[in-house]
Amino acid sequence: MTVAASDYKAIRDAIASFPTDVSTDAIGAQAPTLDELYAPETHAAALDPTAPIVMGARGTGKSFWAGVLGDDTLRATAAAAYPKHGLSKLDVQFGYTGIEGPAGIGRDKLDQCIGENATGDDARAFFWATILRAIDLANERKPPSLPLLLPRARDVDQREATIAGMDEALKKNDKTLLVVYDALDTMAMSWPRRRLLTQALLEVVWAMRAYRRVRVKLFLRPDQIEDDALHFVELPKLRTGAVRLAWTGTDLYGLLFARLALGGAPEPFQHLLSSLRFEHPTREQVLKRQWTLTHDSRHQQELMTALSGPYMADGAFGYKKGKTYDWPLKHLADAFNEVTPRSFLGLMIGAAQHGPLPANKVLTPKGMQHGLRVASKTRVDQLHQEFPWIKGALRALSGLLLPADEAQVVAVWQRAGTLAAIMDDARAKEYLPPFHVAAGRTPDERGLYIAMERIGVMFRRKDDRIDMPDLFRVAANLLKKGGTAPI
């Protein structure tokens, strides 16, 4: 079949019109929808009800999967994609969502139960109360408010009798109650309180291993559970058993192609698929990963070549600039070599919106370089929502040539007074600073570097110099020889 110029244009327009704000909450207006559901094989472990902890950076899909589990229709659809996990036998209730409202538990409700001078016992009682609340909801009883549930939660005998009774009832009906906790980084605005709450929750998670049919699942950021200041004897076991939510390059291209096939530009995309002898899929084939373009990287590269050409430059030596299939994955990775779907789709959207339509193609290498700049800016903006100090730290480094010695980076921050400004701003605006400073201690810039390294924004090379992934470097206006020019 011949692919017409109008087909290329329609596919390009479809990519360009993908929504740019793809952030998701577990509940509410930004909850996931059926059209957005894509189920990579690598995410199967994250949905396993027996896996209590799922770690993932911002944009990897933590809230998305929390929302899928919490929605009966989406969970039933996901059950077809992951048939081994018994998702159809789950009753799911939320223990924390970061969002208030009838179905949610956010920081206001948490603060209502746990005062400023709370102890670990107080914090554990709150999380036990969320489990008792979930049991009431699963039994279709209107639960008391969380403050009224606290006495039951503190009474060990009464609490255990309630959970054990529910566990037995669920066993008879071959069902499982899963209590899901999401957006846990929103629980506290100071390091001591965040650590108190995180440790209390992890202790409750560990204690819940006594039950088979009442289970808990936490979706949280890696830096929250890997905080060295947490002191809990069983914490290493929880860390070892945690599932990391990540996307492979094959997953990301599968997501892109599935969106084009099922919604973006089905007929023009079908013409392109037919010209390459690829089948046009049904939604079920995509969900069950039965469509070759969801799992075969060779076929994905063939299709990407048809969309954008084989290499990032023309001519006999164009291959030296890299393949168009590999280039986005290489330049969108953070310091942990992870790429999020938000960044990947952001690059493709930016590429499709840049410049005129090329002949017999959808995207151009220059368009993809522009897309990297768009994705980089978006990523830094998104990171700023979780770490309000990040732009201040990056702003001072503008114009610095990377890689650089640590002393150079520290000197730049010191000359600009960056760390003091960040700490002052965090106190004034009541957000979590990059690291905790004990009473009587003076913060130093090395702590700021470690904080950025912990979240994947900077890393140390083998020769001990400091570097930054292009994903952040481009938007932050740092320089690198041979690298994509900053915004």
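So here's what we get for this one:
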| read-out | value |
| --- | --- |
| Among Ala45, His384, Val362 - extreme Cα towards positive end, dipole of the chain, charges at beta-carbon | Val362 |
| Charge dipole (the chain, unit charges on Cβ, about Cα centre) - positive-most of Gln414, Pro19, Gln290 | Gln290 |
| Contour minus Cα-Cα distance for Asp155 and Ala359 (0.36 nm per residue) | 66.3 nm |
| FRET efficiency, 1/(1 + (r/R0)^6) with R0 22 Å, evaluated for Asp223 and Ala411 via beta carbons | 0.25 |
| Neighbour-limited loop hits for trypsin sites (Lys or Arg not before Pro), the stretch 197-251 (at most 14 other Cβ within 10 Å; DSSP other than H, G, I, E, B) | Arg212 |
| Charge dipole (debye, nearest 20) of the chain; +1 at Cβ of Lys and Arg, -1 at Cβ of Asp and Glu | 780 debye |
| Set Lys288/Lys366; Lys172/Lys217; Lys62/Lys320 screened for pairs whose C-alpha atoms are more than 32 Å apart | Lys288/Lys366; Lys62/Lys320 |
| The stretch 364-452: trypsin sites (Lys or Arg not before Pro) in DSSP loop, at most 14 other beta carbons within 10 Å | Arg441 |
| Residue-by-residue Karplus 3J(HN,Hα) for the stretch 37-51, coefficients 6.51, -1.76, 1.60, Hz, glycine and proline x | 6, 9, 10, x, 4, 5, 9, 4, 4, 5, 8, 4, x, 7, 9 |
| Only Lys, Arg (+1) and Asp, Glu (-1) charged, at Cβ; the stretch 282-424 dipole about Cα centre in debye | 400 debye |
| Residue-averaged [θ]222 nm for the chain, counting only DSSP H segments that reach four residues, each worth -39500 (n - 2.57) | -14500 deg cm²/dmol |
| Rg(Cα) / (2.2 N^0.38 Å) computed for the stretch 414-487, rounded to two decimals | 1.28 |
| Rounded accessible area of Met166 (nearest 10 Å², 1.4 Å probe) | 20 Å² |
| About the Cα centre, charge dipole magnitude for the stretch 255-324 (Lys/Arg +1, Asp/Glu -1 at Cβ), debye | 260 debye |
| Under the span-like rule (Cα at least 15 Å along the axis, Kyte-Doolittle mean at least -0.5), DSSP H helices of the chain | 5-16, 120-138, 191-207, 249-259, 341-352, 406-416, 418-429 |
| Rough spin-label spacing in nm, given labels placed 7 Å along Cα→Cβ, for Lys84 and Lys377 | 4.4 nm |
| Euclidean distance of C-alpha centroids, the stretch 57-97 and the stretch 178-229, integer Å | 18 Å |
| Estimated FRET transfer efficiency when R0 is 30 angstrom, pair Lys330-Arg141 (beta carbons, to 0.05) | 0.05 |
| Virtual spin-label span in nm between Asp35 and Glu267, 7 Å along Cα→Cβ | 1.8 nm |
| Virtual spin-label span in nm between Ser274 and Ala438, 7 Å along Cα→Cβ | 7.1 nm |
| For Lys480, residues with placed amide H under 5 Å, excluding near neighbours | Leu402 |
| Convex hull volume of the chain per residue (C-alpha atoms, cubic angstrom) | 153 Å³ |
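The values are calculated or read from the model by the stated rules, or taken from the named source; none is laboratory data. Just so it is clear, the model here is predicted, and its values are computed rather than measured. All Cβ positions, even for glycine, are placed from backbone atoms using ideal geometry, and neighbour counts span all protein chains on display. The protein model used for the area step is the full one, side chains on, heavy atoms only, and it has no ligands, DNA or RNA in it. Shrake-Rupley method; radii C 1.70, N 1.55, O 1.52, S 1.80 Å.
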